[in-house]
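Some notes on the structure that comes next.
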Amino acid sequence: MVLSGLTLFVIALLIFALALVLLGVRTVAQGQEWTVERFGRYTRTLQPGLHLILPLVDRIGRKQSMMETVLDVPSQEVITRDNAMVTADGVVFFQVIDAAKASYEVNNLELAILNLTMTNTRTVMGSMDLDELLSQRDQINARLLGVVDEATSPWGVKVTRIEIRDIQPPRDLVDSMARQMKAERDRRASILEAEGQRQAAILRAEGAKQAAILQAEGRREAAFRDAEARERSAQAEAEATRLVSDAIAGGSVQAINYFVAQRYMDALTAVAAAPNQKVLFMPLEAANVIGAIGGIAEIAREAFPNRPPSSGTSSVPPQAPRPPATDAPRGPWNREEPNRSDAPTPPGS
């Protein structure tokens, strides 16, 4: 079947209209924004989604990515304030906020941001000493971020982060810094060792002081206990003496005999236990000891002439009449013994 000319014209017109519709339909992906230009002039910005534009009148101008972008800052040499040459590089993170400004306010946005970052890096790092440069990277990053973000704000760009990635001083300078660090560590170690020795000496002195105090307190307590023991012993001795004195005053001859005999036996025990080697002439036989006790009893009878001997007195035989008394007092320690031998003869023998 042969189509007429009118039919062909209608079909061509429909195809042309369909082509115009297809040319006017635009789909913007997520994370992007497109600018629309009408006869070369910016008119509007297309957000992510489906849009229609006028074919042959409007066209897509620039396609801007609205996602955060990373730029590598190449290595560059920087001279610090103290004339040290270092090599530094870093990274820049930025995000387009206004697609129209980013498209029409600056040409080649990434190159502009990169050059701006490099020049400001030299400015900021050149105003610092080497020690500050190596120890204060956070301060460098903050200063760079403030300067670059302020400069790129008219371009519709937000610089989010700037990080200095590496700072390399010269090799000889690194060696010098290593020696300096080693010397500083040695100095700190010496100080710590001296401080430890000082603390140890203080602690030892404190310990010796406490030990001396405790020893002094121990000696004081021991002296107090010894004095108390001697006091109690003296009190007991005084009490015993008082009782013996009371017994003697009451006319008891046995009391003085017991008291003197006990002292006599204690003296003999002490002499026998002495470590020195001596020749002693003492009445060591039991009979002589009994005779000495009898002499003591005789003294007691002389002290109490009017009292009859009690039943408990020692059974000592009566002595022969004595010669008249002389001026010197007589007793067992100085009476005359006509027949003296090596061992003294007890009275009444």
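The values are calculated or read from the model by the stated rules, or taken from the named source; none is laboratory data. Worth saying up front: this structure is predicted, and the values here are computed from it rather than measured. Cβ: placed from backbone, ideal geometry, glycine included. Neighbour counts: every protein chain shown. For accessibility, only protein heavy atoms count, side chains too; no ligands or nucleic acids. Shrake-Rupley method; radii C 1.70, N 1.55, O 1.52, S 1.80 Å.
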Discussion item. To make sure I understand the rule: partners must be aspartates and glutamates, Cα under 15 Å from the Cα of LYS209, and not fewer than 8 residues away in the same chain. Which ones qualify?
Written reply: GLU217
Worksheet item: Using a 1.4 angstrom probe and counting only protein chains, how large is the accessible area of LYS182 in Å², to 10?
Response: 130
Worksheet item: With labels modelled as points extended 7 Å from the Cα through the Cβ direction, what inter-label distance (nm, one decimal) is found for GLU221 paired with ARG171?
Response: 7.4
Discussion item. If I model a spin label at ARG81 and LEU243 as a point 7 Å from the Cα along the Cα→Cβ vector, what separation in nanometres do I get?
Written reply: 10.1
Practice prompt. Could you list which residues have their amide H under 5 Å from that of MET66, counting only those 5 or more apart in sequence or on another chain, with H placed in the peptide plane?
Written response: GLN32, GLU33
Discussion item. For LYS158, give me every one of the aspartates and glutamates with a C-alpha distance below 20 angstrom, ignoring sequence neighbours fewer than eight places off in its own chain.
Written reply: GLU33, GLU68, ASP72, ASP98, GLU105, GLU110, ASP138, ASP149, GLU150
Worksheet item: Residues of the stretch 117-190: accessible area per residue at 1.4 Å, in Å²?
Response: 60
Worksheet item: For all pairs of alpha-carbon atoms in the stretch 3-97, what percent lies in each bin of width 10 Å, listed from the first bin to the last filled one?
Response: 13, 24, 19, 16, 13, 8, 4, 2, 1, 0
Practice prompt. Inverting the mean 1/r over all pairs of different Cα atoms, compute the Kirkwood radius of the stretch 100-246 and quote it in Å.
Written response: 23.9
Worksheet item: Tell me, what % of the accessible area of the stretch 115-233 is carbon and sulfur with a 1.4 angstrom probe?
Response: 54
Practice prompt. Before anything else, pin down the relative contact order of the stretch 38-183: Cα pairs under 8 Å, at least 6 apart, normalised by residue count, whole percent.
Written response: 27
Item to complete: Please work out the ratio of the alpha-carbon Rg of the stretch 6-161 to 2.2 N^0.38 Å and round it to two decimals.
Response: 1.55
Worksheet item: Which of the peptides 202-213, 135-146 is most tightly packed, and how do the rest follow, going by the mean number of other Cβ atoms within 10 Å of each residue?
Response: 135-146, 202-213
Discussion item. Out of the total accessible area of the stretch 1-77 (probe 1.4 Å, heavy atoms of protein only), what percent is carbon and sulfur?
Written reply: 66
